[in-house]
Structure formats: C-alpha cells, structure tokens
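K.L.:
One structure, pasted below without further comment.
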Amino acid sequence: MLRSMPLARLVSRAACSAGKSQAPAALASRSFHASAKAFAPKEMTVRDAINSALDEEMGRDPTVYIMGEEVGDYQGAYKITKGLVQKFGPERVVDTPITESGFTGMAVGSAMAGLRPLVEVMTWNF
C-alpha cells in the first residue's frame, strides 16, 4: 500500500502520526537536501554498468576476484572486464581454459574457503 502512495501523502501521513502540523511540501523540501542534478540518471550501457559494479566491488573488497575465459588480456568476450586486469592484476582477474564446469567448481571451492569469486561464462551450450 505504501509503495503506490505519492511522496506528499507519505510525508503528510508521517507528519500527522508524529503530531506535527507542518505542510507536506515543507517537510519534503527539508527531508531531501541534495539537488535534483545529483539524482539525475546517468546514461550507460548494461555492459558499462556491470563493469563499473565489478570495479567498485573489487576496489572495496580484496577477496573478490573474477575468473573466466578471456577475462584478462582480451578483457572479456563481451568486454565486461575491460580495464580490470590492468587495475587489479592477473591474480584477481584470472584467465581460464575452456572448462566451464572446472572453473565453476573452483569458484565454489574458493567461496567455501572465504573468497568471493565472480565467474564469467561465455556460453553453456557447447
């Protein structure tokens, strides 16, 4: 029910339940200090969004690593890992041979040991 309500009604309802008599517009303007420009959507491709998320997560957590076919020097079959091997090195961006079940099993084992693997698989339908 709350998801379908406009922001002004939610703020008004919150003000009423808190015993405040301020107008909804005044409450809403005080609640959000950032400019509209800060929330403007940034246009990017899905590929760039995934690459950005991988970069951010690998920078935040040193236990995250990527493995898959051609993810290193070739920078991924779909260029998802573009620039990551240069930034994080071949220890964290691992090229594997064409053995999907093999490196998927390695990822499961390393996750059980406390690492956080990300596996890029080109295709399953060989």
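K.L.:
For a label point 7 Å from the Cα of Tyr78 along Cα→C-beta, name the residues of the stretch 89-126 whose backbone N is under 17 Å from it.
P.N.:
100, 118-126
K.L.:
I'd like the FRET efficiency for Val121 and Lys87, computed as 1/(1 + (r/R0)^6) with the beta carbon distance as r and R0 of 25 Å, rounded to 0.05.
P.N.:
0.65
K.L.:
Determine the share of the stretch 45-126's accessible area contributed by carbon and sulfur atoms, expressed in whole percent, with a 1.4 angstrom probe.
P.N.:
Heavy-atom surface of the stretch 45-126 belonging to carbon and sulfur, 1.4 Å probe: 61 percent.
K.L.:
Subtracting the Cα-Cα distance from 0.36 nm times the residue separation, let me have the gained length for Met112 to Thr63 in nm, one decimal.
P.N.:
16.4 nm
K.L.:
Given H placed 1.01 Å from N in the peptide plane, which residues other than close sequence neighbours of Val64 have an amide H under 5 Å from its amide H?
P.N.:
Under 5 Å from the amide H of Val64 lie the amide H atoms of Arg116, each far enough along the sequence or on another chain.
The values are calculated or read from the model by the stated rules, or taken from the named source; none is laboratory data. Computed from a predicted model, the values in this text were never measured in an experiment. Heads up, the Cβs are rebuilt from the backbone with ideal geometry, glycines too, and the neighbour counts pull from every protein chain shown. What goes into the accessible areas is simple: the full protein's heavy atoms, side chains included, and nothing from ligands, DNA or RNA. Shrake-Rupley method; radii C 1.70, N 1.55, O 1.52, S 1.80 Å.
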